[in-house]
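The values are calculated or read from the model by the stated rules, or taken from the named source; none is laboratory data. Note that the structure is predicted; figures quoted are calculated from it, not measured. Ideal geometry is used to build each Cβ from the backbone, glycine not excepted, and the neighbour counts take in all protein chains shown.
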Amino acid sequence: MNIDRIQPQVWNSRAVVHDNLVFLSGIVADDKSLPMKEQTEQVLNKIDTVLAAAGTDKSRILSSVVYLADIARKDEMNEAWMAWMDKENPPARAAVGVALTPGTLVEIMVCATK
């Protein structure tokens, strides 16, 4: 069983690769002053970077969970998501409203394959 950890930290790894599966931790924006759409864009760019480090890309995402601090702002998140998502390979996705850390409007987790 082969397990690789990408950017391991004290409390988690940015991603864990097991065989051909890539599991990303929840990713949040660095700039908490940005509005929903821009925070989402920043998160999606970070996801692209982590997926590349794992040897894959967004066209290989199998599933995603999007956590929103305010579910009423889902359309703003979706605007960024739809511009970014690989239209030929849409993943399974859930979006849920949750309490996030102060200033964090969106957190996204994905599972991809190589």
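How many of the residues in the range 94-114 are part of a strand (DSSP E or B) and free of Cβ contacts under 8 Å to residues at least 60 places away in the same chain? Lay out the reasoning, then the answer.
In the first step, residues of the range 94-114 are kept if they are part of a strand (DSSP E or B); the result is 94-97, 106-113.
Those left that are additionally free of Cβ contacts under 8 Å to residues at least 60 places away in the same chain: 94-97.
So the count comes out to 4.
Filter the range 1-37 for residues that are out of contact with any helix residue (DSSP H, G or I) (no Cβ under 8 Å at 6 or more places or on another chain), at pLDDT 95 or above and not in a strand (DSSP E or B) and give the result.
Matches in the range 1-37: S25, G26, S33.
Identify all residues within the range 35-73 that are among the charged types (D, E, K, R), over 21 Å from R5 (Cβ atoms) and surrounded by fewer than 17 Cβ atoms within 10 Å (Cβ to Cβ); write none if there are none.
Within the range 35-73, E38, D70 meet the criteria.
Given A99, A72, which one is of a type in the set (G, A, S), over 15 Å from P35 (Cα atoms) and at pLDDT 95 or above?
Details: A72 fails: over 15 Å from P35 (Cα atoms).
Of the residues listed, the single one that is of a type in the set (G, A, S), over 15 Å from P35 (Cα atoms) and at pLDDT 95 or above is A99.
Pick from M77, M85: which is surrounded by 11 or more Cβ atoms within 10 Å (Cβ to Cβ), in contact (Cβ under 8 Å) with a residue 40 or more places away in the chain and not small (G, A, S)?
Numbers: M85 fails: in contact (Cβ under 8 Å) with a residue 40 or more places away in the chain.
Step by step, each of M77, M85 is checked, and only M77 is surrounded by 11 or more Cβ atoms within 10 Å (Cβ to Cβ), in contact (Cβ under 8 Å) with a residue 40 or more places away in the chain and not small (G, A, S).
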